[in-house]
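Scroll down for the structure; my scribbles are underneath it.
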């Protein structure tokens, strides 16, 4: 269903990262934006992008998952442990299965407890964080060299693109995608249409968890080791995907949300990276991320008529 | 004539809280019949139909469809048994395309192995709309692009495509233009020609007489009578609907001249993009009841909020004439003696999880507060006085509002503002979902307030109520004032409706 209007908005959207890139490149031509560093940046933002591809399914319904970071950590640890015996099979199947399982638990807890998704997933996050610590035996877990292929290009890019394709098909070409959009738009009409709203909320959480699982596998492959996180530190990993999802939501009228998420994540990474090369240190960078989160969510929910956040 | 039974409704009952919406209703419907349901708002027609369509579950009673026990737990089950319903409200989902909406909840025939066959979906959607004379609708567009009427017709096309044995149409015609109505009438006639059954709910008596084979009348949740349309007249139907005991005083009976009191509130060129209001100007006089009518999404409910300062205007002003002050915020409004009761009573007019006492005193706390504390006894006396004056049926002033019936809740909401001694009352659908007796007492209250020189803005979806109570009626259509009618005995529903659509 590609028409001229959609192509035009796609080109317009692609201009945004180009402009950001150009601005920082002019400021710091020597330090910012070599092809090499751009590619590294691109590979780094694949992780939040893949996460966002799943997160989008529940954000569309007005729900949040704050356990995504702990899900990524836990699924990468389990995937890593299984890879010792079963190789790539263990890494992938283990990581993804754990991710989806966590999504299922989150979804069931949310539907049964009938409380805010934020509370449910923050509570569960603390559980998953501790679980990660127990399973890994307390220390850093390092992935064996024999199973590190998917941390390097082009293999990590291929896996990510496959994940994005999966998300694209789920959103646009399956019943789940239609129902998720429908529930997000109007829950009571959806219920009257015979859609089992609770079931599809759980399904949304499972998809969200599954993509976090894929992101977990990519994470441990890319950085070759992972250390369990405690004290809600894993929550930081939520915000990049969350921002991408809100960009996707805001632009879904003009462009497929998955494409918007990819471009959005890359733009945000560029911005943060650009600010860092201009001398903003790591602590300040967190402040910038926080501000971005508020700005992007505030701005995009305003344009999409404020029905997003519950 | 040999009539074959299609649906039998057996002694069905349904309550919402303490309100009995349907009281042991028994109705029989035949194949190839067009049946109209008549009754005032709140008489239970829609509730009954919602149960037939699987949207609500009955508390008691049973149904039989074509000889088999029929108890749909949800819409899907009802659809599977060949029962489809077009509800009063919008039931297409924004954010989905027209095609997605047409197959929402019914994706089976366009889905293979979990993947939706989009080209097939689009082709079928086009075909469905084409056969319905809606070829100009682009099925790829978000359904939100289309106006209410088109969306209603899309729903109708969807329902017809399902080829139901029984199609229920709940007050859809008011939203449709003549062209749309003709489409709907054609559907109804085609279904009858096919030996299938249609139930439709309408307030338009001439339409009912023209279309229906037989007419069933409801009043206060009870079945009153079913008569053939051949021997029915509008007058006969009206008296059945309202009932003899109410033919006396119900609405106001005075028709003496225009209201000439001093001006108390003026709206001047009000524009509000968020609520779709444009160029609204009027003046409200002391002792005047000004009705505001229109379709649900005309912007009239939002206008009530704008007048109360609950929504910001883009340009124009709402001014309290005597004080010369503009209303920009809710505090301005309350300070100027303006009261507002929302249409969404439970969500916006009351703290349902709090006592009657606290609900009534909330806007008047200054009256019994000392510098550092409240005077509870004075508060109790105050709230008791006003609750009693409104004849709220309650166990005590400390009872939670959630335990009250709809009518009594509304009385509490009104008592709050009367206690505050407000001068201007903006009442949005004050008799919505309220039984006839309480309705009559609210009409009586409005008349008394008017006599005391209070001014009332009565926003209502009930045309008869507007005609019966208002000195003047403003009709809002698409966010603009489309007509103004003055009180007279001769004013008919048609006079009002022609400005609404």
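Details
- If you go through region B:104-121 and keep only what is in contact with a strand residue (DSSP E or B) (Cβ under 9 Å, 6 or more places away or on another chain) and facing chain A (nearest Cβ under 8 Å), you end up with B:107, B:111, B:114, B:115, B:116.
- Within region B:383-401, residues that are within 11 Å of residue B:413 (Cα to Cα) sit with their Cβ atoms under 7 Å from residues that are not in a helix (DSSP H, G or I), at 6+ positions apart or across chains, in these pairs: B:387/B:394; B:387/B:397; B:401/B:350; B:401/B:351; B:401/B:352; B:401/B:354.
- Subset of region A:162-193 [touching a residue at least 12 places away in the same chain (Cβ under 8 Å) and assigned to a loop (DSSP other than H, G, I, E, B)]: none
- Residue tally, condition part of a helix (DSSP H, G or I) and free of Cβ contacts under 8 Å to residues at least 60 places away in the same chain, over region B:60-97: 5
- In region B:44-59, the residue that is nearest to the other protein chains (Cβ to nearest Cβ) out of those that are in a helix (DSSP H, G or I) and out of contact with any helix residue (DSSP H, G or I) (no Cβ under 9 Å at 6 or more places or on another chain) is B:50.
- Lone unmet requirement of (1) assigned to a loop (DSSP other than H, G, I, E, B); (2) within 14 Å of another protein chain (Cβ to nearest Cβ); (3) crowded, with 22+ Cβ neighbours inside 10 Å for residue A:255: (3)
- Contact annotation: residue pairs with Cβ atoms under 7 Å, 6 or more positions apart or on different chains, pairing a residue in region B:460-476 that is over 15 Å from residue B:499 (Cα atoms) with a partner that is in a helix (DSSP H, G or I) and at pLDDT 90 or above, are B:469/B:443; B:469/B:446.
- Residue A:279 over 26 Å from residue A:104 (Cα atoms) and without any contact (Cβ under 8 Å) to a residue 24 or more places away in the chain: yes
- Qualifying residue in region A:207-226 (condition: facing another protein chain (nearest Cβ under 8 Å) and in contact with a helix residue (DSSP H, G or I) (Cβ under 6 Å, 6 or more places away or on another chain)): no
- Selection within region A:138-156 - out of contact with any strand residue (DSSP E or B) (no Cβ under 6 Å at 6 or more places or on another chain) and surrounded by 15 or more Cβ atoms within 10 Å (Cβ to Cβ): A:143, A:147, A:148, A:150, A:151, A:156
- Count - residues of region B:395-405 that are surrounded by fewer than 21 Cβ atoms within 10 Å (Cβ to Cβ) and either at pLDDT 95 or above or not in a loop (DSSP other than H, G, I, E, B) (or both): 3
- With respect to the stated conditions, residue A:159 fails to be within 7 Å of chain B (Cβ to nearest Cβ) and either over 30 Å from residue B:53 (Cα atoms) or not in a loop (DSSP other than H, G, I, E, B) (or both).
- Of all the residues in region B:15-26, those that are in contact with a helix residue (DSSP H, G or I) (Cβ under 8 Å, 6 or more places away or on another chain) and at pLDDT 90 or above number 1.
- Helices (runs of 4 or more DSSP H) wholly inside region B:127-229 that include at least 2 residues being buried (at least 22 other Cβ atoms within 10 Å of the Cβ) and in contact with a helix residue (DSSP H, G or I) (Cβ under 6 Å, 6 or more places away or on another chain): B:148-161
- Per the conditions (1) surrounded by fewer than 23 Cβ atoms within 10 Å (Cβ to Cβ); (2) in contact with a helix residue (DSSP H, G or I) (Cβ under 9 Å, 6 or more places away or on another chain); (3) at the interface with chain A (Cβ under 8 Å from one of its Cβ atoms), the sole criterion not satisfied by residue B:100 is (1).
The values are calculated or read from the model by the stated rules, or taken from the named source; none is laboratory data. Owing to the predicted nature of the structure, the values given are computational and were not obtained by experimental measurement. Backbone-built Cβ (ideal geometry, glycine too); neighbour counts: all protein chains shown.
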